Amino acid sequence: MRGDSRAGDDPYVGYVTARLPALQRAAFLLCGGDAYRADDVVQATITRLYQHWKRVSRSDNIDAYVHRMLVHAAVDERRHPWSRVRLDGRPVEVAAGDPHAGVDERGSLVAALRTLPPRQRAVLVMRFLLDRPIDEVAKALGCSVGTVKSQSSRGLDALRSMLATTEERDHG
């Protein structure tokens, strides 16, 4: 039975187990800091990955394929009517071992990312968190390399401006 296989015996389980923390961090930023939405996006991505594992595992770059799936899941998730329901007041839990935990600027960065348009946010997360090449980001988002470059530039300018304003307010 498949449920009895261990990570070493099943390439899908091994892949997901190794990449899950990175997928969760990327989804968290793609979702503008909404941990609950990010969990839904990761779950949708790994479910879809399981369904298409034979094809995906033959890919030259599995990580790129999965990152594209993650971005598409984040975009698709926003299209559902239930995604507009907000459950405010619930604490966002920080996962154990999260490399961003304890960094003072994390909250400011996530808040600033949340204000960016979804495409700019996706470009910045893919380029700078996932460290994906420009052409791969363009392919994943279905746009030109020039669009990725301009969205990167605009997004970084907006982040710098927002973070500088936040720092001035906090220290000024």
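Coordinate-derived values only; no laboratory data. Computed from a prediction, not measured in an experiment: that's the story for all the values here. FYI the Cβ positions are ideal-geometry reconstructions off the backbone, even for glycines, and counts take in every protein chain you see.
Observations on the model:
- Extension gain from Val13 to Asp135, taking 0.36 nm per residue of separation minus the Cα-Cα distance: 41.1 nm
- Panel order for His72, His52, His67, by other beta carbons found within 10 Å of each beta carbon, from fewest to most: His52, His72, His67.
- Charge sum, other residues only, whose C-beta stays under 14 Å from Ser150's C-beta, Lys/Arg counted +1 and Asp/Glu -1: +3
- Inter-label distance, nm, simple model (7 Å from Cα along the C-beta direction), Asp39/Thr147: 3.3 nm
- In this Cβ point-charge picture (+1 for Lys and Arg, -1 for Asp and Glu), the range 105-172 has a dipole of about 280 debye about its Cα centre.
- Cβ-Cβ distance of Thr115 and Thr47, R₀ of 35 Å, FRET efficiency by 1/(1 + (r/R0)^6): the value works out to about 0.70.
- Note on the range 105-172: Cα Rg divided by 2.2 N^0.38 Å, N the number of residues, gives 1.18.
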